[in-house]
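The next block holds one structure in the form of structure tokens; read it before the comments.
The values are calculated or read from the model by the stated rules, or taken from the named source; none is laboratory data. Quantities reported herein were computed from a predicted structural model and do not represent experimental measurements. Methodologically, a virtual Cβ is constructed for each residue, glycine included, from the backbone with ideal geometry; neighbour enumeration extends over all protein chains shown. Note: areas computed on protein heavy atoms with side chains; ligands, DNA, RNA excluded. Shrake-Rupley method; radii C 1.70, N 1.55, O 1.52, S 1.80 Å.
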Amino acid sequence: MNALALMARRPELVRRLVAHEPPLAALVPDSEAALKVVEDMYQTYQRDGMGAGMAKFIAFVSYAGEIPGDYTEQPAPDPAMFGLPTDDDGSRDDALLGQNLRGCTSYQPDVDALAEVKDKIVIGIGEESEGQLARRGGEAIAARLGLTPVTFPSNHGGFLGDEYGQPGKPTEFAATLRESLAN
């Protein structure tokens, strides 16, 4: 999101932008429901701590399809099933849940400014992310810019090894990234 904002305002600073699955919840058809879920994650984090908030985050980013209006009424996932703490340690310093989540997902890119420099932009989507919000956000901005998204190996975290239990394909991802930067 930050790179899209930079490209819209200061494109001369960027040679080539590869935006891989920007989770532009504000641009998808079900944006109202998606942003409601994001707000629920934030409020859960503020009320119950990192484990509870992050469990909702993981479940949400893995969800495929349009977000139903009653999504937040479903039972909350158990943090333990993701190896997350079930107790609240009282801290509220998680940058993703406490600071970045709402601003990033609600970001409205300056499509007109980006369209002027779209030849410098690559929108990446994960081959295994079909229907997930981050991919749908990438597809939405690509459509508005008249770009064809580039499919990257694996999923939203395709550049990762097995550090977090959801291995991507980092070697293949890097090859696609190098190719995208070279064009």
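Quick one: length gained pulling Thr151 to Ala76 fully straight, 0.36 nm per residue minus the C-alpha distance?
Numbers: separation 75, 0.36 × 75 = 27.00 nm, distance 3.18 nm.
That pair, Thr151 and Ala76, stretches by 23.8 nm at full extension.
So how exposed is Ile141, as accessible area in Å² (1.4 Å probe, rounded to 10)?
0 Å²
Can you tell me how region 132-183 classifies by the Cα gyration tensor, rounded, prolate or oblate, using a/c under 1.5 as the rounded cut? Intermediate values should be presented prior to the final figure.
Working: a/c = 3.93, a/b = 1.43, b/c = 2.75.
It comes out oblate by the Cα gyration axes.
Which distance in nm do the two modelled labels at Gln99 and Thr171 give, with both placed 7 Å along the Cα-to-Cβ direction?
About 3.6 nm, to one decimal.
Could you put Glu139, Glu32, Glu179 in order of accessible surface area, largest first, with the 1.4 Å probe and the full protein assembly present?
Working: Glu139 60, Glu32 160, Glu179 120 Å².
The ordering from most to least exposed comes out as Glu32, Glu179, Glu139.
Chymotrypsin sites (Phe, Trp or Tyr not before Pro) within region 76-183: which are DSSP loop residues with at most 13 other Cβ atoms inside 10 Å? Numbers along the way, then the final one.
Values: sites: Phe82, Tyr107, Phe159, Tyr164, Phe173; in loops: Tyr107, Phe159, Tyr164.
Answer in residue order: Tyr164.
With every protein chain kept in the model, how would you rank Thr148, Thr176 by accessible area, 1.4 Å probe, largest at the top?
Putting Thr148, Thr176 in descending order of accessible area: Thr148, Thr176.
Apply the a/c threshold of 1.5 to the C-alpha gyration tensor of region 81-183 and tell me whether it is rounded, prolate or oblate.
Details: a/c = 2.47, a/b = 1.40, b/c = 1.77.
Oblate.
Put a dot 7 Å past each Cα toward the Cβ at Arg10 and Glu179; how far apart are the dots in nm?
So the label points at Glu179 and Arg10 sit 3.2 nm apart.
May I ask you to compute the full-extension gain from Asp87 to Glu66, defined as 0.36 nm times their residue separation minus their alpha-carbon distance, rounded to one decimal in nm?
Values: separation 21, 0.36 × 21 = 7.56 nm, distance 3.14 nm.
Once the chain is fully extended between Asp87 and Glu66, it gains 4.4 nm.
Using Rg and Dmax of the Cα atoms in Å as the read-out, say which of [x] 20.8, 71; [y] 16.9, 49; [z] 18.3, 58 was calculated from these coordinates.
[y]
Of Ala95, Ala76, Ala52, which is the most mobile in a GNM of the chain whose springs link Cα atoms less than 10 angstrom apart?
Per the Cα network of the chain with a 10 Å cutoff, Ala95 tops the list.
First check a/c for region 1-78, with a ≥ b ≥ c the square roots of the eigenvalues of its C-alpha gyration tensor; if it is under 1.5, answer rounded, and if not, answer prolate when a/b is larger than b/c or oblate otherwise.
Numbers: a/c = 2.75, a/b = 1.97, b/c = 1.39.
Cα axes put region 1-78 in the prolate bin.
With angles folded into 0 to 90 degrees, how steeply does helix 50-62 sit against the dominant principal axis of the chain? Use alpha carbons for both and round to 10.
50 degrees
Just read off the accessible area of Tyr63 with the full protein assembly in place, 1.4 Å probe, to the nearest 10 Å².
Near enough 70 Å² of accessible area.
Could you check which residue among Gln74, Gln132, Gln46 shows the biggest mean-square fluctuation in a GNM of the chain with a 10 Å Cα cutoff?
Gln74
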